[in-house]
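J.: Could you have a look at this structure, given as structure tokens, before my questions?
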Amino acid sequence: MPRDGVGVRASGLRKTFDDGLVQALVDVDLEIAPGERLAIMGPTGSGKSTLLALLAMLDSPDAGEIELDGESVSRIRCPEEWRAVHLGIVFQFHHLLAHLTAVENVMLPLIGSGGRTRDIHRKAQNLLDSLGLGHRTLTRAAHLSGGERQITAVARALVNDPKLVLADEPTGSVDSATGEKILEILDEWSGRRGGTLVMVTHDPTVASWSDRIVSLRDGRAYEGRVHCLTQPTAAPKF
Amino acid sequence: MMFLESRNLLRRPRRTVLTLIGVTVGAAGYMTLLAAGAGLFAEFQDAISLLGSDLVVQQASAATAWTSRIAPADIRSLRSVPGVNRVTEVVVAATRFLGQKYFIVFGLEPESTILAKARIVDGRPYRANGAEMMVGQRAARAIGLAAGDRVEARGRRFLISGIYETDRSILDGGAVMNLEAARSMFSYGVDTTVVFVDVKGPQAIDEVMLVITDTLPHLEVSRSDMWVSTYEQFVVVRRFARGLGVFALLITAMWVSNTLHVTILERRAELALLRAVGWRKRRIAVLVLREGLAFSVVGGFTGIPVAALIVWGLRNIGAAGIVSAKLSPEIVVEGVVIAVLAGLVGCVPPLVRALRMQALEALRAT
Ligand SMILES: Nc1ncnc2c1ncn2[C@@H]1O[C@H](COP(=O)(O)OP(=O)(O)OP(=O)(O)O)[C@@H](O)[C@H]1O
Ligand SMILES: [Mg+2]
């Protein structure tokens with residue numbers, strides 16, 4: 001398995017919503033080295049999810065430039081294909097398909113690119129086993145608990161052995177033991193794969209596990225953890 | 001390959017059943033209307049072939065038999081055309097009669113052979129005295145008449161001398177009476193509506209047609225077997241039926257489109273998620289079209305028994321026997337093919353919409 005994380009560079013990123021009324025991102029510059037583990041922190045509404053969406057090419061910025069592996073994303077002709085090969089995403093709200101079982105949800109990214117269903121199934125099953133969810137693989141996503149959904153979502157992000165993972169609060173709705181389990185898995189992946197990890201978190205201990213922290217406040221990015229008295233004292237998910 | 005397709009169809013029974021109902025109704029409607037049109041057409045062809053004559057003559061500008069007028073002078077001219085063996089005058093009237101909205105009365109010459117093959121199931125033939133008529137058995141059943149009944153129609157009293165049966169519902173759904181009686185009752189004066197011409201031998205047919213067309217340009221002559229085909233009214237009826245069929249399909253397409261659209265609204269996030277995890281647009285299009293294809297093929301086939309049921313119902317309650325629909329294999333095939341096409345076309349607009357939007361936008365919607 002090659003060890004090759006994706007280098008990410010963003011410059012002058014700007015994103016507004018509601019005809020400019022909401023400034024989600026304001027002149028964000030960001031550089032992430034290949035194989036780096038970056039934590040993004042910041043209060044609710046500061047633009048964290050928006051930033052991840054831009055990096056994933058799920059949305060396009062109003063201004064600014066994003067490079068993945070030194071290539072401008074505007075030059076990537078088929079973002080879907082790029083994501084299929086290189087990217088894993090853990091969404092803040094899981095986005096599992098309710099009528100599919102846990103293991104089927106994990107299989108989904110690989111199904112889209114073809115390949116033998118049996119092999120894909122085995123791979124997804126092994127991944128869920130290693131995450132400690134082996135006993136729930138045949139349960140439909142609709143019937144999984146919140147934490148089980150989170151684990152399934154993490155497994156789905158890793159099933160294609162990506163070299164970049166964008167994770168929006170991957171430990172946001174699980175107990176601390178499961179949270180640790182998820183970190184372990186991400187750790188194992190980044191160690192083995194050398195992949196780049198960008199992780200949004202409200203949890204300082206999770207953040208301290210990473211190599212570097214970037215904070216977002218009102219759509220602006222700051223290096224390190226920004227302490228501020230006006231920052232909400234209670235992070236929403238903990 | 002069918003991993004997600006099969007699960008989407010089987011694990012969402014509500015959506016699947018609703019969509020199937022839509023396609024089934026559309027396909028059945030289309031087939032039924034085509035069958036009704038074809039049935040009507042076949043009826044007339046049958047009735048005409050029963051007459052056993054070679055040529056049919058009617059007024060050139062008339063759209064239907066009952067609006068055609070042929071004067072006695074023309075009858076004489078027709079009789080004098082070389083090669084003509086026999087000329088039979090018929091009055092066809094389609095009117096409100098005996099309480100029926102739409103009733104066909106045939107006025108026949110006493111020596112006419114038009115009913116030669118008819119079975120008289122009750123009573124006896126009518127006498128050519130203008131006070132008697134025979135009623136087809138379908139009409140008799142619909143109105144509730146039996147031989148020996150007396151009825152009053154258009155101010156005249158008639159004896160129902162008998163009930164006949166011909167297996168031709170255009171005839172069985174009407175009545176026959178003396179030519180003269182029909183003329184005066186329906187105010188045709190001395191005119192005739194349709195003339196049947198017998199020719200001396202098959203080789204003379206073309207020659208006779210040519211002479212009639214040349215010397216009597218205000219008349220229209222056609223071979224009996226072709227008469228119905230050139231019969232404008234029924235062409236119109238068939239077009240109308242097909243038009244209705246297309247309309248039914250449009251409704252199907254809209255239903256399918258709507259069902260798929262509603263579910264694609266629900267599914268927008270799903271399709272967006274597939275894009276987010278690396279499914280290409282083409283693969284997603286294949287997914288949606290495969291599901292649409294499954295719906296429309298199954299719906300097309302379940303439409304067949306439904307259409308058969310409706311056609312069976314039409315045959316049994318068909319007013320005065322004018323409609324006797326036939327569900328032929330051609331119609332069934334056409335119905336299924338058209339249903340499949342309509343189903344697929346219905347898939348396209350919601351699909352295009354789902355693929356055009358930013359993946360994130362759709363994901364946020366849930
Ligand atoms: N599609 C959208 N339409 C309108 N406003 C939006 C949209 N997406 C994001 N926003 C706004 O942009 C700002 C940043 O949103 P974002 O989701 O990036 O915040 P966040 O940092 O991820 O917050 P949280 O910690 O609650 O997840 C918010 O004010 C949000 O309301
Ligand atoms: Mg967020």
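The values are calculated or read from the model by the stated rules, or taken from the named source; none is laboratory data. No experiment lies behind these values; they were computed from the predicted model shown. Cβ sites come from the backbone with ideal geometry, for glycine too, and all protein chains shown count toward neighbours. These accessible areas exclude ligands, DNA and RNA; they are computed on the full protein's heavy atoms, side chains included. Shrake-Rupley method; radii C 1.70, N 1.55, O 1.52, S 1.80 Å.
J.: Looking at the stretch A:133-172, which of its residues are in contact with a helix residue (DSSP H, G or I) (Cβ under 7 Å, 6 or more places away or on another chain), open to solvent by 10 Å² or more (accessible area, probe 1.4 Å) and basic (Lys, Arg)?
T.: Selection gives A:136, A:149, A:163.
J.: Of the residues that make up the stretch A:49-56, is at least one within 12 Å of chain B (Cβ to nearest Cβ), within 16 Å of ligand 2 (Cβ to nearest atom) and either more than 26 Å from residue A:28 (Cβ to Cβ) or open to solvent by 30 Å² or more (accessible area, probe 1.4 Å) (or both)?
T.: Yes.
J.: Continuing with this model, one more query. Checking the conditions here, which among A:142, A:167 is in a helix (DSSP H, G or I) and of a type outside the set (Phe, Trp, Tyr)? Before the answer, list the steps.
T.: Numbers: A:167 fails: in a helix (DSSP H, G or I).
Exactly one residue qualifies, and that residue is A:142.
J.: If you don't mind, another one. Testing residue A:20 on (1) assigned to a loop (DSSP other than H, G, I, E, B); (2) away from chain B (no Cβ under 14 Å); (3) away from ligand 2 (no atom under 16 Å from the Cβ); (4) surrounded by 21 or more Cβ atoms within 10 Å (Cβ to Cβ), one condition comes back false. Which one is that?
T.: Condition (4) is where residue A:20 drops out.
J.: So if I check each of B:163, B:170, which one is surrounded by 18 or more Cβ atoms within 10 Å (Cβ to Cβ) and at pLDDT 90 or above?
T.: Values: B:170 fails: at pLDDT 90 or above.
Exactly one of B:163, B:170 is surrounded by 18 or more Cβ atoms within 10 Å (Cβ to Cβ) and at pLDDT 90 or above, namely B:163.
J.: Any residue at all in the stretch B:288-298 that's within 23 Å of residue B:361 (Cβ to Cβ) and of a type in the set (Val, Ile, Thr)?
T.: Yes, the stretch B:288-298 contains a residue that is within 23 Å of residue B:361 (Cβ to Cβ) and of a type in the set (Val, Ile, Thr).
J.: Quick check, is residue A:157 in contact with a strand residue (DSSP E or B) (Cβ under 7 Å, 6 or more places away or on another chain) and outside any loop (DSSP other than H, G, I, E, B)?
T.: Values: in contact with a strand residue (DSSP E or B) (Cβ under 7 Å, 6 or more places away or on another chain): yes; outside any loop (DSSP other than H, G, I, E, B): yes.
Considered against the rule, which asks whether it is in contact with a strand residue (DSSP E or B) (Cβ under 7 Å, 6 or more places away or on another chain) and outside any loop (DSSP other than H, G, I, E, B), residue A:157 comes out as yes.
J.: Scan A:24, A:53 and give me the residue that is in contact with a helix residue (DSSP H, G or I) (Cβ under 7 Å, 6 or more places away or on another chain), free of Cβ contacts under 8 Å to residues at least 60 places away in the same chain, near ligand 1 (Cβ under 9 Å from one of its atoms) and hydrophobic (A, V, I, L, M, F, W, C).
T.: Working: A:24 fails: free of Cβ contacts under 8 Å to residues at least 60 places away in the same chain.
Going through A:24, A:53 in turn, just one is in contact with a helix residue (DSSP H, G or I) (Cβ under 7 Å, 6 or more places away or on another chain), free of Cβ contacts under 8 Å to residues at least 60 places away in the same chain, near ligand 1 (Cβ under 9 Å from one of its atoms) and hydrophobic (A, V, I, L, M, F, W, C): A:53.
J.: Among the residues of the stretch A:76-94, write down those that are small (Gly, Ala, Ser) and either part of a helix (DSSP H, G or I) or within 13 Å of ligand 2 (Cβ to nearest atom) (or both).
T.: Residues of the stretch A:76-94 small (Gly, Ala, Ser): A:84, A:88.
If the condition is that a residue be small (Gly, Ala, Ser) and either part of a helix (DSSP H, G or I) or within 13 Å of ligand 2 (Cβ to nearest atom) (or both), then A:84 is the only one that fits.
J.: Here is a list of conditions, (1) away from ligand 1 (no atom under 16 Å from the Cβ); (2) outside any loop (DSSP other than H, G, I, E, B); (3) not basic (Lys, Arg), and residue A:4 meets all of them except one; can you say which number that is?
T.: Condition not satisfied by residue A:4: (2).
J.: From the set of residues in the stretch B:119-163 that are in a strand (DSSP E or B) and in contact with a helix residue (DSSP H, G or I) (Cβ under 7 Å, 6 or more places away or on another chain), which is nearest to residue B:108 (Cα to Cα)? First the steps, then the outcome.
T.: If we filter the stretch B:119-163 for residues that are in a strand (DSSP E or B), which is where we start, we get B:119-123, B:132-136, B:150-153, B:156-163.
This time we only want the ones that are in contact with a helix residue (DSSP H, G or I) (Cβ under 7 Å, 6 or more places away or on another chain), so: B:121, B:136, B:156, B:163.
On the way: B:121: 20, B:136: 14, B:156: 18, B:163: 16 Å.
Once the filter is applied, the top-ranked residue is B:136.
Okay, residues lined up against (1) modelled with pLDDT of 95 or more; (2) crowded, with 20+ Cβ neighbours inside 10 Å; (3) at the interface with another protein chain (Cβ under 7 Å from one of its Cβ atoms); (4) within 30 Å of residue A:139 (Cα to Cα):
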{"position": "A:69", "(1), (2), (3), (4)": "no, no, no, no"}
{"position": "A:74", "(1), (2), (3), (4)": "no, no, no, no"}
{"position": "A:77", "(1), (2), (3), (4)": "no, no, no, no"}
{"position": "A:96", "(1), (2), (3), (4)": "no, yes, no, yes"}
{"position": "A:102", "(1), (2), (3), (4)": "yes, yes, no, yes"}
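J.: Please return the ranges of helices (runs of 4 or more DSSP H) entirely within the stretch B:1-109 where 2 or more residues are modelled with pLDDT of 80 or more and closer than 25 Å to residue B:332 by Cα. Explain how you work it out, then say what you get.
T.: Numbers: elements: B:3-10, B:13-51, B:72-79.
Ranges flagged: B:13-51.
J.: Any residue at all in the stretch A:90-97 that is away from ligand 1 (no atom under 16 Å from the Cβ) and within 22 Å of residue B:3 (Cα to Cα)?
T.: So in the stretch A:90-97, the residues away from ligand 1 (no atom under 16 Å from the Cβ) come out as A:96-97.
With the extra rule that they be within 22 Å of residue B:3 (Cα to Cα), the set shrinks to A:96-97.
The answer is yes; a qualifying residue exists.
J.: Right, something else. Would you be able to say whether some residue in the stretch A:195-204 is of a type in the set (D, E, K, R), within 16 Å of ligand 1 (Cβ to nearest atom) and within 30 Å of residue A:17 (Cα to Cα)? Give the steps one after another, and end with the answer.
T.: Within the stretch A:195-204, the subset of a type in the set (D, E, K, R) is A:203.
Narrowing the set further to residues that are within 16 Å of ligand 1 (Cβ to nearest atom) leaves A:203.
Going one step further and asking which of them are within 30 Å of residue A:17 (Cα to Cα), we end up with A:203.
The answer is yes, given that some residue of the stretch A:195-204 is of a type in the set (D, E, K, R), within 16 Å of ligand 1 (Cβ to nearest atom) and within 30 Å of residue A:17 (Cα to Cα).
J.: Looking at residue A:32, is it away from ligand 1 (no atom under 16 Å from the Cβ) and either buried (at least 19 other Cβ atoms within 10 Å of the Cβ) or among the aromatic types (Phe, Trp, Tyr) (or both)? Give the steps one after another, and end with the answer.
T.: On the way: away from ligand 1 (no atom under 16 Å from the Cβ): yes; either buried (at least 19 other Cβ atoms within 10 Å of the Cβ) or among the aromatic types (Phe, Trp, Tyr) (or both): yes.
It is true that residue A:32 is away from ligand 1 (no atom under 16 Å from the Cβ) and either buried (at least 19 other Cβ atoms within 10 Å of the Cβ) or among the aromatic types (Phe, Trp, Tyr) (or both).
J.: Sticking with this one: If I ask for residues that are closer than 25 Å to residue B:268 by Cβ, in a helix (DSSP H, G or I) and not acidic (Asp, Glu), which ones from the stretch A:97-119 would you list?
T.: Filtering the stretch A:97-119 down to residues closer than 25 Å to residue B:268 by Cβ leaves A:97-114.
Applying the additional criterion that residues be in a helix (DSSP H, G or I) yields A:102-112.
A:102, A:103, A:105, A:106, A:107, A:108, A:109, A:110, A:111, A:112 - these are the residues of the stretch A:97-119 that are closer than 25 Å to residue B:268 by Cβ, in a helix (DSSP H, G or I) and not acidic (Asp, Glu).
J.: For the stretch B:173-202, how many residues are open to solvent by 10 Å² or more (accessible area, probe 1.4 Å), under 17 Å from residue B:112 (Cβ atoms) and assigned to a strand (DSSP E or B)?
T.: So the answer is 3.
J.: Please work out which one of (1) out of contact with any Gly (no Cβ under 7 Å at 6 or more places or on another chain); (2) within 14 Å of chain B (Cβ to nearest Cβ) is the condition residue A:39 fails and give its number.
T.: So the condition that residue A:39 fails would be (2).
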